[in-house]
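Asks: Please find one structure pasted underneath; my questions will follow.
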Amino acid sequence: MMRALLALLAAALAQICGATGGPAVQYPVRPGLGARHVFGDRSAHIHWGDADQTPGRFLRAASQELKIMHISDAHISLSNDDPEYTSRMYSAFAHPTDKVTREPTTTSTEFVRALELACREKVDLIALGGDIVNFPSKETVSWVLGRLQDEGCGIPFVYTAGNHDWHLEGLPGDATYDAQRVPQLSTTLQPLLQASAAGGLLYGGLEMKGVEVLVVDNSNHQVNEEQLDFARKRLDQQGGPVVMLMHMPLALPGLSLHPKECCGHPNWGAFSDDNYKLEGRPRWPAGNLPSTQAFLELVREHAAPAGRIVAMLTGHVHRDFSVELADKDSAANKTTLVCNSRLAGCGLRAAGQASVMQIGSAVGGEVKLMEADGAVQYTTLDAAE
């Protein structure tokens, strides 16, 4: 069953409720955005407005809507291209099972189903969040591009790489764990990057219907100085809401994951690298780049309501992750706040009846909905199953 997150971003005014989790904090001088999320397991509806509006009201204004479908971790491999370097990953996804129906399926079938859904839903933008291919393969990349044009109706897409997109396991001569990354992005994966509406090799962006979509490749668990400078310049500009696309979730407060599953974990480094032999690569270096930590701080600084970031779309972990709430079954246990929970206009809770009545049908008619104010980091289950 396709597990893509359908994010619906409505360019309507939203006035946010009061503080949820501590005393209010003064907003910085930069203009911020109030953001209201109503979401379930597979979809989200986000409204935004000026952060300095009077709390406690929720206004809807007639305006345009942007639909984004997030597809991550499809792990498509049409064949075992180079058995010496591709057999383990090919075997790992050769016979997947649909997570809902429990019926046998294939990764290519699930990807096509996701694209067909995007067409039916008249999605404006497809966000390919990495590990779309199971290992670098020109044949598979060409097939993916064909499906995006055919079953995907030619819907514009943005793409960022995942760690498996560019890695051949056991390839001799690699001096570092990510030695293959830029060479593969520049060759095998270049057709995907050239067709991406965001442009760029390791970062890029576009504006669509008043929403700025920024793409930052953190598929090596890190963000370099050039990427940091790009993000800082874009986020410092005045403008509308920002949605960020990355492969790996950021190690934000409240996120409990192993260092291998996120970007910027304080314990990431050679001593916590459990998989270097399994994945046939050199060990990670001693620790994070200073620019990676600076990027995490930049994102939190610019997260709504203090800044323009309203949502971050990530994948990589092949499962939802949680923040600790009383209701362990709630959809909110599958998200992480990006914003500072001490800010007025930043928090998670069960959706109120008014929100369910207003927006429930827009998020696929899901029965159990949650609400969040501020910026939210979403992760999407793998599209391979």
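Asks: Quote the FRET efficiency, to the nearest 0.05, computed for ALA350 versus ASN275 with a Förster distance R0 of 35 Å and r equal to the Cβ-Cβ distance.
Replies: Using R0 = 35 Å, I get an efficiency of 0.40.
Asks: Once amide H atoms are built 1.01 Å from N in the peptide plane, which residues 5 or more positions from MET208, or in another chain, come under 5 Å H to H?
Replies: Placed amide hydrogens put VAL213 under 5 Å from MET208.
Asks: OK, next. Which FRET efficiency, nearest 0.05, do SER79 and VAL100 yield, Cβ-Cβ r, R0 30 Å?
Replies: Step by step, r from the Cβ atoms, then E = 0.65.
Asks: Calculate one ³J(HN,Hα) per residue across the range 277-286 by plugging θ = phi - 60° into the Karplus curve 6.51 cos²θ - 1.76 cosθ + 1.60, and present them in order as whole Hz with x for glycine and proline.
Replies: Karplus values, whole Hz, x for Gly and Pro: 6, 4, 8, x, 8, x, 5, 4, x, 4.
Asks: Now for a separate question. Would you rank GLU84, GLU301, GLU371, GLU226 by solvent-accessible area, highest first, keeping every protein chain in place and using a 1.4 Å probe?
Replies: Largest accessible area first, the list is GLU84, GLU226, GLU301, GLU371.
Asks: Taking 25 Å as R0, compute the FRET efficiency from the Cβ-Cβ separation of SER256 and THR109 and round it to 0.05.
Replies: My answer for the efficiency is 0.15.
Asks: Among LYS209/LYS233; LYS67/LYS138; LYS99/LYS122; LYS99/LYS260; LYS233/LYS277; LYS138/LYS233, which pairs are too far apart, with a Cα-Cα distance over 28 Å?
Replies: In this structure, LYS67/LYS138; LYS233/LYS277; LYS138/LYS233 exceed 28 Å between Cα atoms.
Asks: Short version: ³J(HN,Hα) in whole Hz for each residue of the range 184-195, in order, from phi by Karplus 6.51 cos²θ - 1.76 cosθ + 1.60 (θ = phi - 60°), x for Gly and Pro, what are they?
Replies: 6, 4, 7, 10, 4, 8, 4, x, 5, 5, 5, 7
Asks: Here is a follow-up. Mind listing the long-range amide H neighbours of THR380? Cut-off is under 5 Å, sequence gap 5 or more, other chains count too, H placed in the peptide plane at 1.01 Å from N.
Replies: THR314, GLY315
Asks: With an 8 Å cut-off on Cα pairs and a minimum separation of 6 or more residues, tell me the relative contact order of the range 150-239 in percent.
Replies: Worked out over the range 150-239, it gives 27 percent.
Asks: For GLU65 and GLN194 in one chain, what is 0.36 nm times their gap in residues minus the Cα-Cα distance, to one decimal in nm?
Replies: Extra length from GLU65 to GLN194 when fully extended: 43.8 nm.
Asks: Further question: Considering Cα pairs under 8 angstrom that are at least six residues apart, work out the relative contact order of the range 71-202 and quote it in whole percent.
Replies: Result for the range 71-202 is 27 percent.
Asks: Please identify the trypsin sites (Lys or Arg not before Pro) of the range 118-210 that satisfy two criteria: DSSP loop assignment and at most 15 other Cβ atoms within 10 Å. Which are they?
Replies: Counting only loop positions with at most 15 other Cβ atoms within 10 Å, the trypsin sites (Lys or Arg not before Pro) in the range 118-210 are LYS122, LYS209.
Asks: Here's another thing I want to ask about it. Please list the non-local residues whose amide H lies under 5 Å from the amide H of ARG281, H modeled 1.01 Å from N, same-chain partners needing a gap of 5 or more.
Replies: GLY170
The values are calculated or read from the model by the stated rules, or taken from the named source; none is laboratory data. Please read all numbers here as calculations on a predicted model, not as lab measurements. Reconstructed Cβ throughout: ideal geometry from the backbone, glycine too, with neighbour counts over all protein chains shown. Heavy atoms of the whole protein, side chains included, go into the accessibility calculation; ligands, DNA and RNA do not. Shrake-Rupley method; radii C 1.70, N 1.55, O 1.52, S 1.80 Å.
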